Amino acid sequence: MPKPQRKKLTTLLMLGRFVRPYKIRVAIAIAALVFTAAITLAVGQGIKMLIDLGFVEQSLEQLNSAIFFILLLALLMAVGTFIRFYQVSWLGERISADIRQAVFDHVIGLHPSYFETNRSGEIMSRLTTDTTLLQSIIGSSFSMALRSSLTLAGALIMLLVTNLKLTMMVLACVPLVLMPILIYGRRVRALSRKSQDSIADVGSYAGEAIQNIKTVQSFTREPEERAAFKHEVENAFAIARRRVQQRAALIAVVILLVFGALSGMLWVGGSDVLSGDMSAGDLGAFVFYAILVSTAVATLSEVFGELQRAAGATDRLMELMRARPAIEPPGDGVIAASTRAATLGFKAVTFCYPSRPDTPALEDFCLDIEEGRSLALVGPSGAGKSTVFELIQRFYDPQQGVVNMGDCDIRRIDPRDLRRQMALVAQQPALFTADVLHNIRYGKPDASEEEVMQAARAAHAHEFIKNLPDGYHSDLGERGVRLSGGQRQRIAIARAILKNPRILLLDEATSALDAESEHYVQLAIQELMQGRTTVIIAHRLSTILHADQIAVLDHGQLVATGNHHSLMSSCELYRRLAQLQFKEPTPDPV
């Protein structure tokens, strides 16, 4: 099977699994479609009765019967249309919601490296714009296509029954109508995919500029950002204009061909009526059916363009669904993290980031972290400190060597189970657009409000939270924009305290605090560290003088380990870092 055709079949099959749970509603919608199509075709017979029995026979009784018959058909069509429209629209909304949920559920579990090569704005565009387009297609265009197909088939049959000669004329014109549909349809699909991608680029660019609005305004780059955004918008418009141009040309050609054929058919049919070879009622019914055929073909040509757009949107969504996580749970022999000691060990680990496969971030790295003790990682920028955190949480797996928890390779532990044992306080804490309670509870979703307050007190955050407009129910804005850097840091520390982890990861957790807040939070962290395995990335050596052990890293390798005193005398790199940071003689730990 050719590759493009196989891809189309795969896409259709993947969409089919979203439709399958609603088989009964699909059956009801199809039944309603068939019913309304049959009623529409019966209207032609009502027109024939109206002309032959009412007008030609000059019979008021037959005229009344024909009108009553047509009104009855109209009532039945209204009922069938209501059922069809409701069921199909419901299916469109439900299936698009299911697709949106399925894509998000899949994306949220993808490996962090996926988001290094795929922009978040583009992913959001696929989740929103593309699924909205699919909802419109499933809930409207697909219904129109199916209804028009049924009407077209039924009307062609009725044309054959009514007059064979005129029907052959109509059928002779069908290939002429289908040809532009096929030719322009391919172009529309390709342009639809480009159009959706360009819209995603627009949203991604705008989102990035807005997220960094303070930087934009600080550097007075507003005119350049406006110009750059205008370029993205105009590019999207140019692609959309070409797509619309192709669709407009398709519709215009189809209308010209359809009505040209209809005019020829009317001339031949009118001649037959005048010569007595055909009744006026038959011609009226035939014209009605011919109009149904032409309307159905015109609708199908227009819907075909919409379906091509849907195919482009579906391809983009299925690309997300086909992306596989780089870190998978172990298949067999899964070990529970809670059964392992909270010790960490790196055994001859060599690791390169996927974006830099030839540059090791860690090389032949060995390090043991004892349970219940604290270890600080120090070293110049790029030494590999953050990489140690990435591997501990198993966001990546090393190319060589193993990372152990207890005596177990962490690749034998479910990643989610492993991460439940840990809490991270980052240098730039991540907060969500929600209230204080939600952000602190992120560490323990079922925590009571009193537990949240206790964690906030331990992090010395309770006082400033109480002074917020709505206290613990105050919304923090996007990424906690309504708080200062130090306040965001304390919210993150409270979150870690609430989680009560066995392993604590601190990425210079007090770097954004003023001197007074840092003093109190250091006390809270010292208390939190009691009995827990703690790994600290230290940028300021003054914050880790009390660590049980200090590991000095440089160029992805372990240079030395020891306490502050021993390293000052034995490690030249540590001594140089200390002398650069301390303006006065290096303080000794108390």
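Annotations for the structure displayed:
- Between residue 478 and residue 446, the FRET efficiency estimated from the beta carbon spacing at R0 = 22 angstrom works out to 0.30.
- Subtracting the Cα-Cα distance of residue 231 and residue 128 from 0.36 nm times their residue separation leaves 34.8 nm of extension gain.
- Gap separating the Cα centres of region 519-582 and region 342-409, nearest whole Å: 17 Å
- Measuring between alpha carbons in the structure, the pairs from 347/444; 466/499; 385/444; 385/466 lying more than 29 angstrom apart are 347/444; 385/466.
- Fully extending the segment from residue 366 to residue 179, taken as 0.36 nm per residue of separation minus the present Cα-Cα distance, adds 60.5 nm.
- Amide H within-cut-off set for residue 558, under 5 Å, with H built and near neighbours excluded: 366
- The simple spin-label model puts a point 7 Å past each Cα toward its Cβ; for residue 332 and residue 470 those points are separated by 5.3 nm.
- Near the amide H of residue 379, within less than 5 Å, lie the amide hydrogens of 553, all on another chain or at least 5 residues away, with H placed in the peptide plane.
- Annotation for residue 164 and residue 347: the two label points, set 7 Å from Cα along the Cα-Cβ direction, are 8.7 nm apart.
- Cα pair distances in region 451-501, grouped into 10 Å bins until the bin that holds the longest one, percent each: 28, 59, 13, 0
- Cα-projected label distance for residue 434 with residue 75, points at 7 Å along beta-carbon direction, nm: 5.5 nm
- For residue 361, residues with placed amide H under 5 Å, excluding near neighbours: 351, 352, 353
- For residue 427 and residue 241, a Förster radius of 41 Å and the Cβ-Cβ distance give a FRET efficiency of 0.30, rounded to the nearest 0.05.
- Sorting the segments 426-433, 373-380, 68-75 by their mean number of nearby beta carbons within 10 angstrom, highest to lowest, gives 373-380, 426-433, 68-75.
Read-outs throughout are calculated quantities, based only on the coordinates presented, and are distinct from any laboratory measurement. Values in this document were obtained by computation on a predicted structure and should not be read as measured data. Cβ atoms come from the backbone with ideal geometry, glycine included; neighbour counts cover every protein chain shown.
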